[in-house]
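Take a look at the structure set out below.
The values are calculated or read from the model by the stated rules, or taken from the named source; none is laboratory data. The structure displayed is predicted, hence computed values, not measured ones. Glycine gets a Cβ as well: all are built from the backbone with ideal geometry, and neighbour counts include every protein chain shown. Ligands, DNA and RNA are stripped out before the accessible areas are found, and what is left, the full protein with its side chains, is counted by its heavy atoms. Shrake-Rupley method; radii C 1.70, N 1.55, O 1.52, S 1.80 Å.
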Amino acid sequence: MEIKDNKLKLTFASGAGMVTGSNFLLEGNGKKFLVDCGLIQGEKLADDENWMPFPYPVNEIDILFITHAHVDHIGRIPKLISEGFKGRIVSTIPTKEITELMLLDTLNILKHDKTHDLAHIYTTEIISEAMSLWDTLEYHQTLNVDHGFQFAFKDSGHILGSGILEVIYNGKKIVFTGDLGNSPSPLLRDTEMINDADYLIMESVYGDRNHEDREVRKGKLEEVIKENYKRKGTLIIPVFSLERSQELLFEIDSLVENKKIPAMPIFLDSPLAIKLTKVYKKYEHYFNDRAQAIIETGNNIFNFTGLELTEETEESKAILKVPNPKIIMAGSGMSNGGRIIHHEINYLPDPNNTILLIGYQSVGTLGRLIQEGVKKLQIQGQEIMLKARVVQISGYSGHKDSDHLVEFVEPMAGKVKKVFLVMGEPKAALFLAQKMKDNLNIDATVPSAGDSVMLDC
Ligand SMILES: [Zn+2]
């Protein structure tokens, strides 16, 4: 069909004015496309507002594009299908594979939610149906869709398989960044540059903050591990199963292989992280040249002397009997669930132990209380005294910080008509919008959830 509409309508269904819940609708010329279908997450894995009906006719959506497999970008796919979605789903190859594991893990938690009757939405059948609707693209492979639309993914460098989605229509380019990686990453390729977007829908989670230098963090990790060895303690590290666990394994592997740290048992105590590490191993050819060069020397970068993968509950419990010094990595990354909770009960009351926080700790989580140094903690109904050493390394973020977000848009200055800052708290997004106006004279705005805009094409 020829181009009839010289305007496309973009709706920020959710994921605007908030960090999570990515879900955008692009429509025009007889077509409707969604970008991401994520869970809105606050203190809980899924906020109540997730279970309201989608604000668009689900059965009229042609294609759902997925930028990457974090739950705040994929978590409502089962709900979309249960409400009548009949279209296709399109992502990169690793994103499809990781999504299946992430949705099955989410299912294990959400199916117990009786308030919203989620046992009917989060079923293995619905997840299988999602997989049967799913097509994949390599980075840079073009998907032509009738009515004049063209789509392609570029590498965003955020997690394995993460993509920046480019939409070309009537000679104009609309770009959805998804989440932008904190390049250079130890494993992933750098975020690809974009210099020709007409409209940019961009994440802004760290719009008002900069991270600790990446060079510094590995040195700090080495210091923390050595200090724990000296104290003959247990070092516990709450980790996110996806990306952060694999990055950490890779960095510890390099410390072990280069004999920078003494030998001791190191446990990866997370069934999901163990499964995801296998997917990472399978897609090593997606890694950056530095990581691939190390792999080519014959080094298994996710395995080293002392590493034990504890998949079964009994194996996890048996860690307690292993003498110190030792290291335990377990989920969840914010200590709001998962096996880390049991380790925190066991190890936080001893001043010889250390807890290392490497990720963002959101308000209302146990991780946040530990980060703030609260001494008396309530964990699973028990009063636990926090006497262990608390150490933080902030450089492990998977997102670009404020300066690097500005650097990302810089090549587009003078060409881009408008930047919409999404996936950030209003404070962070507004700060970034102002910075882009001041430094680059870019027209940047911060939409609210539910807003629609018309894009001239
Ligand atoms: Zn993400």
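Of all residues in segment 65-97, how many are away from the ligand (no atom under 16 Å from the Cβ), open to solvent by less than 10 Å² (accessible area, probe 1.4 Å) and in contact (Cβ under 8 Å) with a residue 60 or more places away in the chain?
So the count comes out to 1.
If you scan segment 283-312, which residues turn out to be in a helix (DSSP H, G or I) and either more than 23 Å from LEU101 (Cβ to Cβ) or free of Cβ contacts under 8 Å to residues at least 60 places away in the same chain (or both)?
GLU284, HIS285, ASP289, ARG290, GLN292, ALA293, ILE294, ILE295, GLU296 - these are the residues of segment 283-312 that are in a helix (DSSP H, G or I) and either more than 23 Å from LEU101 (Cβ to Cβ) or free of Cβ contacts under 8 Å to residues at least 60 places away in the same chain (or both).
Spot the failing condition for ASP135; the list is (1) within 16 Å of the ligand (Cβ to nearest atom); (2) out of contact with any Gly (no Cβ under 7 Å at 6 or more places or on another chain); (3) among the acidic types (Asp, Glu), and only one is missed.
Condition not satisfied by ASP135: (1).
For THR297, work out the one condition from (1) in contact with a helix residue (DSSP H, G or I) (Cβ under 6 Å, 6 or more places away or on another chain); (2) over 23 Å from GLN382 (Cβ atoms) it doesn't fulfil.
Unmet for THR297, out of (1) in contact with a helix residue (DSSP H, G or I) (Cβ under 6 Å, 6 or more places away or on another chain); (2) over 23 Å from GLN382 (Cβ atoms): (1).
Against the condition open to solvent by less than 70 Å² (accessible area, probe 1.4 Å), under 30 Å from GLY337 (Cα atoms) and of a type in the set (D, E, K, R), how does ASP451 come out, does it pass?
Criteria not met by ASP451.
Under 22 Å from the mean Cα position of the chain (by Cα) and open to solvent by 30 Å² or more (accessible area, probe 1.4 Å): is that true of LYS154 in this structure?
Yes, satisfied.
Starting from segment 241-259, take each residue that is open to solvent by 20 Å² or more (accessible area, probe 1.4 Å) and list its partners that are charged (D, E, K, R), counting only C-beta distances under 9 angstrom and pairs at least six apart or across chains.
Going by the 9 Å Cβ cut-off, the qualifying pairs are SER241/ASP105; SER241/LYS275; SER254/LYS218; SER254/LYS260.
Could you check segment 193-239 and list, in sequence order, the residues that are closer than 15 Å to GLY181 by Cα and crowded, with 18+ Cβ neighbours inside 10 Å?
Once the filter is applied, which keeps residues that are closer than 15 Å to GLY181 by Cα and crowded, with 18+ Cβ neighbours inside 10 Å, segment 193-239 yields ILE194, MET202, GLU203, SER204, VAL205, TYR206, GLY207, HIS211.
Considering only residues that are without any contact (Cβ under 8 Å) to a residue 40 or more places away in the chain and either in a loop (DSSP other than H, G, I, E, B) or touching a strand residue (DSSP E or B) at 6+ places or on another chain (Cβ under 9 Å) (or both), which ones fall in segment 347-372?
Correct list: PRO349, PRO351, TYR360, GLN361, LEU366, LEU369, ILE370, GLN371, GLU372.
Looking only at segment 260-272, which residues are touching a Lys or Arg at 6+ places or on another chain (Cβ under 7 Å) and open to solvent by 20 Å² or more (accessible area, probe 1.4 Å)?
PRO265
Condition first: touching a Gly at 6+ places or on another chain (Cβ under 8 Å), hydrophobic (A, V, I, L, M, F, W, C) and over 27 Å from ASP113 (Cα atoms). Can you find one or more residues in segment 46-66 that meet it?
Scanning segment 46-66 turns up at least one residue that is touching a Gly at 6+ places or on another chain (Cβ under 8 Å), hydrophobic (A, V, I, L, M, F, W, C) and over 27 Å from ASP113 (Cα atoms).
Do we have any residue at all in segment 436-444 that's within 16 Å of the ligand (Cβ to nearest atom) and either at pLDDT below 95 or farther than 28 Å from PHE240 by Cα (or both)?
no
Suppose we filter segment 153-178 for residues that are of a type outside the set (Lys, Arg), out of contact with any Lys or Arg (no Cβ under 7 Å at 6 or more places or on another chain), within 16 Å of the ligand (Cβ to nearest atom) and farther than 15 Å from TYR396 by Cα; how many remain?
The number of residues fulfilling the criteria is 9.
Can we say GLU100 is closer than 16 Å to LEU242 by Cα, open to solvent by 60 Å² or more (accessible area, probe 1.4 Å) and more than 16 Å from the ligand (Cβ to nearest atom)?
Numbers: closer than 16 Å to LEU242 by Cα: yes; open to solvent by 60 Å² or more (accessible area, probe 1.4 Å): yes; more than 16 Å from the ligand (Cβ to nearest atom): yes.
So GLU100 passes the test.
Take the residues in segment 391-419 that are charged (D, E, K, R) and not in a loop (DSSP other than H, G, I, E, B), then tell me which one is farthest from GLY207 (Cα to Cα).
So, considering only residues that are charged (D, E, K, R) and not in a loop (DSSP other than H, G, I, E, B), the one farthest from GLY207 (Cα to Cα) is LYS418.
Looking at segment 40-113, what helices (runs of 4 or more DSSP H) fall wholly within it and have at least 2 residues that are touching a Cys at 6+ places or on another chain (Cβ under 7 Å)?
Details: elements: 71-74, 77-82, 93-110.
So the answer is 77-82.
Between ASN336, ASN299, ASN353, which is surrounded by fewer than 21 Cβ atoms within 10 Å (Cβ to Cβ) and within 25 Å of VAL390 (Cβ to Cβ)?
Unique residue meeting the criteria: ASN336.
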